[in-house]
Amino acid sequence: MTQQYRAYLVGENGVFQSAEAFEAESDASALDFARQFTRRGDVEVWQLGRKVGVLKAAQSPAA
C-alpha cells in the first residue's frame, strides 16, 4: 500500500521554496525518490505531519 509524501525544497534562508507531492511504499523508497530533487538544494521529506528526513543538496564534482 502506498502512502502520500511531500518533498520540500528548502531555500538558503530555511524557507520552503517549492513542494512536490508523490506516493511511495515506504519511508526508504520516499527518500530514494526525493533524492532527485537535491540537484536544486536541500530537501525535507514529509509524510503528513511527520518529518521523514532531510536530504542535503547534491554536490557537483570539482572542475
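Every number here is computed from the coordinates shown, using simple stated rules; none is lab data. This structure is a prediction, so every number in the text was calculated from the model and none was measured. For neighbour counting, all protein chains shown are included, and Cβ atoms are generated from backbone atoms with ideal geometry for every residue, glycine included.
Obtain the nm distance between the two label points defined at Ala21 and Gln47 by a simple spin-label model: each point lies 7 Å from its Cα along the Cα-to-C-beta direction.
1.8 nm
Here are a few candidate values for log10 I(q)/I(0) by the Debye sum over Cα atoms at q = 0.20, 0.27 Å⁻¹: (1) -0.85, -1.14; (2) -0.67, -1.25; (3) -0.70, -1.13. Which one was actually calculated from the structure I just gave you?
This structure yields the entry labelled (3).
Can you list the GluC sites (Glu not before Pro) in the chain that are in a DSSP coil and have 14 or fewer other beta carbons within 10 angstrom?
Glu12, Glu25
Tell me which residues come under 5 Å, amide H to amide H, from Gly41 once H is placed; ignore anything under 5 positions away on its chain.
Residues meeting the criterion, in which the H sits 1.01 Å from N, are Ala58.
With 10 angstrom as the radius, rank Asp32, Asp42, Asp27 by how many other C-beta atoms surround their C-beta, starting from the fewest.
Least to most surrounded, the residues fall as Asp32, Asp27, Asp42.
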